[in-house]
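In what follows, a structure is listed as structure tokens, so that the remarks can point back to it.
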Amino acid sequence: MNYSLKNLPERTTKPRQLGFTMAMDKGLSVRQAEDFMSVAADHVDIVKLGWATSYVTPKLKEKIKVYTDAGVPCYFGGTLFEAFIIRDQFDDYRKIIDTFGVKYAEVSDGSIDLDHDRKCEYIRQLTQQVTVLSEVGSKDADKIIPPYKWIELMQKELEAGAWKVIGEAREGGNVGLFRGTGEVRSGLVQEILTKIPFEKIIWEAPQKAQQVWFIKLLGANVNLGNIAPEEVIPLETIRLGLRGDTFLHFLGLTRKKDNSTPAFEID
């Protein structure tokens, strides 16, 4: 950090299991990836190459190397996995993981109907090759999964070997964990947390209001995903109580009863 400030929440450091930030690369160029890492590498734990953008992104190996050299692993979005599965090309998918040297894979079924036992078997097989993130939730806004089912799916996927489970929200933050307006389905989140350890969940939260909500609920070291590259630094300030949305949240400040300056004091 560039200077010292007192009374900041304690942030975990890399490599970390908590306070994880997953950024979403939706087609950055090699130069843009270099610029991104020059600013945010210390605050990004992993980069997702969104959905199947890796199929059409030029100089893909060079870009992956930029992230790897910065100490930030990257992986292909879950929709690419689904694109291979629906075409009966699982073995080909495993080969591209090796070809591009990625160390993580995402197993999802947000766009296809996939028998859950079969999904768990894909997780088990891929754990022999890479670290697996599994995603729960549908990209179909009309498909509402009840809380007990979210819990059941997450539990089974963790048991199958998933390192962490991802709560689906898409890149827009308007499905799955959220209503079409972007509002958090708070009852769903609270119920999930009664059964699934919070350190095992990455909550996709691309919108600032969603990030603030999760940080206020679970603290500075909640795992958050689908963060736009230009939002990584702003997110870190929210985690630290250095943006108006959480400015007083971590300080325990109360307004003084008199009119003296400063107007707030630390409890």
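The values are calculated or read from the model by the stated rules, or taken from the named source; none is laboratory data. Note that the structure is a prediction, hence the values are computed from the model and not measured. With ideal geometry, Cβ positions are generated from the backbone for all residues, glycine too; neighbour counts draw on all protein chains shown.
For region 41-53, the criterion of being closer than 18 Å to ILE166 by Cβ, touching a residue at least 40 places away in the same chain (Cβ under 8 Å), polar (S, T, N, Q) and touching an Asp or Glu at 6+ places or on another chain (Cβ under 9 Å) is met by none of the residues. The set of residues from region 133-150 being of a type outside the set (Ser, Thr, Tyr) and over 18 Å from the mean Cα position of the chain (by Cα) comprises ASP140, ALA141, ASP142, LYS143, ILE144, ILE145, PRO146, PRO147, LYS149.
Filtered by the rule that a residue be among the charged types (D, E, K, R), surrounded by fewer than 21 Cβ atoms within 10 Å (Cβ to Cβ) and either within 20 Å of the chain's Cα centre (by Cα) or under 24 Å from PHE250 (Cα atoms) (or both), region 1-44 gives LYS6, GLU10, ARG11, LYS14, ARG16, LYS26, ASP42.
In this structure, ILE238 does not satisfy being farther than 25 Å from HIS43 by Cα, of a type in the set (A, V, I, L, M, F, W, C) and touching a helix residue (DSSP H, G or I) at 6+ places or on another chain (Cβ under 7 Å). On the basis of being surrounded by 12 or more Cβ atoms within 10 Å (Cβ to Cβ) and at pLDDT 95 or above, does THR131 make the cut? Yes: the conditions hold for THR131.
Listed by first and then second residue, the pairs with beta-carbon distance under 9 Å, at least 6 apart or on different chains, first residue in region 1-25 and farther than 23 Å from ALA228 by Cβ and touching a residue at least 24 places away in the same chain (Cβ under 8 Å), second assigned to a strand (DSSP E or B) and of a type outside the set (A, V, I, L, M), are GLN17/LYS164.
Candidates in region 56-74 are the residues that are surrounded by fewer than 18 Cβ atoms within 10 Å (Cβ to Cβ) and among the β-branched types (Val, Ile, Thr); of these, the one that is nearest to GLY101 (Cα to Cα) is THR68.
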